[in-house]
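The values are calculated or read from the model by the stated rules, or taken from the named source; none is laboratory data. Note that this is a predicted model, so its numbers are computed, not measured. Cβ atoms come from the backbone with ideal geometry, glycine included; neighbour counts cover every protein chain shown.
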């Protein structure tokens, strides 16, 4: 009923909360505008009428008026209480997930989101969820404070170390939406984000059943590697150029890699396998232990696919992997 | 340009500073100022007590076990010392109002001695053994050397938190005691050279207020750390 | 002392009358002064410096955000710049600005006292402030701080390897400086009011300063201990906030906001106080509902201590906690509304003169209104969930803290500049800068409301994940340019006026208040004789004042005097 077409100054409404949220937002906005414009109009009127030199009646100015004082204390208070009551009710609903919610686990770490689906499928910086199903996220941080935020769903919750926090939503639209970290978490805070991908329930079931594989049945190993690259958002850290977060992998194959312990090795398939599965055995010079270990997540087939895909990155100036995930809602 | 006095502070009593009209106004102002300062001190320690309460609330059992490591007789001894010093300080203030310089000096000296005694007990008999056992937060070794096997079950994190609170709160209190000693020594020196600054009883009175406050903080710290109920 | 020249021929013509400015010209006479007016000037110079530093950082942030992938900086540098902006602006500009500059200058004058109760402590407070500022600037020079001004643990305690320790200690010192000022104001207002100056004859600026001081006294020690513990966590490996030890990760936020929310009122209440004086003087009317306005200051100070949890609706505190904090926050709307409506009502049947301070005063009302009302979005829990930590919040608190506080500060500076320096500034430029600030401010921050609602998180360097934010960021940056000019302009014409400005009489605005009964600039001990107050506050009469154009009359008198010479 209150669904509005997508205006540039309203974020897309993609969850069950969004419509009511916007109604509330614009109600308060209306009050804000009303009081601002009203007060400014009074000021302008008084300035116009009583400016120095004007011929206005200035006799018997009132010094105080208790009735007026009470009126302009009580009326705003009542308005505030109405807003409070509405908000309190809405807030409680936002905090109480329905019993039948599907549980997904979220781990935040500097500077990446790890998400784990009920059957163990994992994603990084990308959350795939079915439309029309209440989803409950149980979240914890591995290091500092983070915050899980999807503007199009109007949901946000801080993710803190040492304690689980919870957030729930139910998507109403198929599409791709923003995922941001909104609690300042250090150097790459602004890049600790990605997308929430809402798919149909059938697609989600299929996707879960293939273990989270996005590729077609007879895809080439390089395509499979690219899918893995996207799913684990490797490109978030290994971008076009070296950053403090991770080295760029473009043109890496065949080059000499120097490690913190003083040794070096040529980047070949063996090196890639070690670096992906056991990144802390040899750390590239100038970097910390920021790369997650993938020994539990990837099987040997997948490591081969990934390394084959990485090899192709040396051949193109701007590899496909560095463009954002396909199918964003823009 | 010789004098910085331009105008009309033609008053009066040399004891009254230029911004005040009368001695009474000046004394009142100093006392109000001192109490206001003590309010900030209460909030300062209050913040720490708040943290303590939060953590003790969620770790009742572990805090109980940990507190056995602290020696309540030493704590009690220190409590007595500080209470005595509060008494001697009150006596010093009494004599200051009467301008009985000699007893005033003696009581202030006693207060300083007792305060130093407090610090000796605290540092030499309480902190130092903990240092040796590796229970300083920056020199942390847990369970390392603990007095009872009960403590072996306390998670290292909780133990460190307890000791952090212990050192932060008693340390902060200890710093206040130290500042007290320094102030009192300065006061005694000024009284000895008959400085005009301490001709009035007011500085002694203000220091007395501070000293009772420091005492009071310890009165709270002692049961919170040394006398936990099971 | 000096009047012995009678009868001696050929004495050099007596120079200018002695006032606090020409009473001693050596550097020592400034740096060792205990005169509240000179200390106010020292503060004025220091906070202006910090404003410049913080403002430059703000400009760099805005410039960098015009592109979704940044222009000049790496992430780390950007983070340090916005932290620099926050730390310097909050701890070293906004909090001391009005109390330590305008308050320091005016509290004794308005009380009819010769100085604050504790002049040496006042000087000490400046030195402590400067040391804190020095440490903070040193921290920036030694590599910077990347925690944001909030210093949230565990990032600040365990993870950041920047100069957090130094900056935290700087903030700790700045806290002490404001405690000293607070104690001084409380004692002065309690004990040193001139005969006849009862509580309900006090200028409302003093009520505001009093409420501010109460907040400082009760709140600042808590941030002091919090920062001290954070400092100890980094230096002594203490473990109080550390979640690794089972500590509460949100505890720091509670402690931090227990001070830092009231700190917002430390910034805004004095600005409200300034606005009272301005609106009343330039409308030639007694402030409407004086006692309501006076008590609303205290109400804001009191309620301010009970609402800190509204910064933490999504931080993991319990839902019920959130509900309580939210409803108390709504109560703050009442005293704020009282103030706004009373100011507007003060203009009714007045004789309104649109001089520079009045432009700032009206600008304050407008911007504070928007700041306060957008606070409704954030004090409502459900509505806060989406907006928390986005640019909406950034815009909101800039409306309150910059729109409010700096408008008040600038307004106050312009109103009392003739008193402070004895010179008038060029009126046209004054009005121009007030309007530039107002327009530039709205241009800067209205787009931020929109982009915040669209979901742009604050403290974001890159926003390539959502490039549609760019247009609003560019709009905001354009506004900043206008705002910047508005802020820089007064620096020039105020400095110019020091030498070339027309001399101001003791009371160029014909304002009510004891500070206007003494010379401009006032003599070192403020009043030749202790003033006795016999009239109610704001004893203006719009009807008879309508006959006068005070500024013009003064100008004519000055010209006439010149002509005679």
Exercise for review: Output the residues belonging to segment C:277-297 that are without any contact (Cβ under 8 Å) to a residue 60 or more places away in the chain and part of a helix (DSSP H, G or I).
Suggested key: C:292, C:295, C:296
Point to revise | Which listed residue, of B:137, B:149, B:155, B:103, is within 14 Å of another protein chain (Cβ to nearest Cβ) and more than 21 Å from residue B:74 (Cβ to Cβ) | key: B:155
Exercise for review: Output the residues belonging to segment A:122-131 that are surrounded by fewer than 23 Cβ atoms within 10 Å (Cβ to Cβ), at pLDDT below 90 and touching a helix residue (DSSP H, G or I) at 6+ places or on another chain (Cβ under 6 Å).
Suggested key: A:123
Exercise for review: Output the number of the condition that residue C:283 fails; it satisfies all remaining conditions of (1) within 14 Å of chain B (Cβ to nearest Cβ); (2) surrounded by 24 or more Cβ atoms within 10 Å (Cβ to Cβ); (3) touching a strand residue (DSSP E or B) at 6+ places or on another chain (Cβ under 7 Å).
Suggested key: (1)
Check your understanding: Just a yes or no: is a residue in segment C:215-229 within 14 Å of chain B (Cβ to nearest Cβ), within 24 Å of residue C:361 (Cβ to Cβ) and either surrounded by fewer than 24 Cβ atoms within 10 Å (Cβ to Cβ) or touching a residue at least 60 places away in the same chain (Cβ under 8 Å) (or both)?
Key -> yes
Review point. Pick from C:307, C:250, C:274: which is within 22 Å of the chain's Cα centre (by Cα), touching a residue at least 24 places away in the same chain (Cβ under 8 Å) and within 24 Å of residue B:47 (Cβ to Cβ)?
Key: C:307
Revision key, fill the gap. Restricted to segment A:88-119 and to residues being surrounded by 21 or more Cβ atoms within 10 Å (Cβ to Cβ) and in a helix (DSSP H, G or I), the residue nearest to the other protein chains (Cβ to nearest Cβ) is A:91
Exercise for review: Within segment C:37-48, identify whether any single residue is within 30 Å of residue C:447 (Cβ to Cβ) and touching a helix residue (DSSP H, G or I) at 6+ places or on another chain (Cβ under 8 Å), and answer yes or no.
Suggested key: yes
Study note, to complete from the structure: Given (1) within 30 Å of residue B:19 (Cα to Cα); (2) without any contact (Cβ under 8 Å) to a residue 40 or more places away in the chain; (3) outside any loop (DSSP other than H, G, I, E, B), residue C:529 misses just (3)
Check your understanding: Looking at this structure, is residue C:537 within 11 Å of chain A (Cβ to nearest Cβ), touching a helix residue (DSSP H, G or I) at 6+ places or on another chain (Cβ under 6 Å) and farther than 30 Å from residue A:179 by Cα?
Key -> yes
Practice item. Output the residues belonging to segment A:146-181 that are within 11 Å of the chain's Cα centre (by Cα), facing chain C (nearest Cβ under 9 Å) and in a strand (DSSP E or B). Key: A:147, A:149, A:150, A:155, A:156, A:157, A:178, A:179, A:180, A:181
Review point. Residues B:121, B:93, B:146: which one is part of a loop (DSSP other than H, G, I, E, B) and surrounded by 15 or more Cβ atoms within 10 Å (Cβ to Cβ)?
Key: B:146
Review point. Within segment C:310-320, can one find any residue that is surrounded by fewer than 24 Cβ atoms within 10 Å (Cβ to Cβ), within 7 Å of chain A (Cβ to nearest Cβ) and assigned to a helix (DSSP H, G or I)?
Key: yes
Point to revise | Members of segment A:49-61 that are assigned to a loop (DSSP other than H, G, I, E, B) and within 7 Å of chain C (Cβ to nearest Cβ) | key: A:52, A:58, A:59, A:61
**Study point:** All positions within segment C:503-554 that are surrounded by fewer than 18 Cβ atoms within 10 Å (Cβ to Cβ) and in contact with a strand residue (DSSP E or B) (Cβ under 7 Å, 6 or more places away or on another chain)
**Key:** C:503
Point to revise | Every residue from segment C:114-172 that is part of a helix (DSSP H, G or I), crowded, with 23+ Cβ neighbours inside 10 Å, in contact (Cβ under 8 Å) with a residue 60 or more places away in the chain and within 10 Å of another protein chain (Cβ to nearest Cβ) | key: C:156, C:157
Exercise for review: Answer yes or no as to whether residue C:327 is touching a helix residue (DSSP H, G or I) at 6+ places or on another chain (Cβ under 6 Å), within 7 Å of another protein chain (Cβ to nearest Cβ), modelled with pLDDT of 90 or more and surrounded by 23 or more Cβ atoms within 10 Å (Cβ to Cβ).
Suggested key: no
Check your understanding: Quick one: how many residues across segment C:371-396 are within 8 Å of chain A (Cβ to nearest Cβ) and either in contact (Cβ under 8 Å) with a residue 40 or more places away in the chain or outside any helix (DSSP H, G or I) (or both)?
Key -> 9
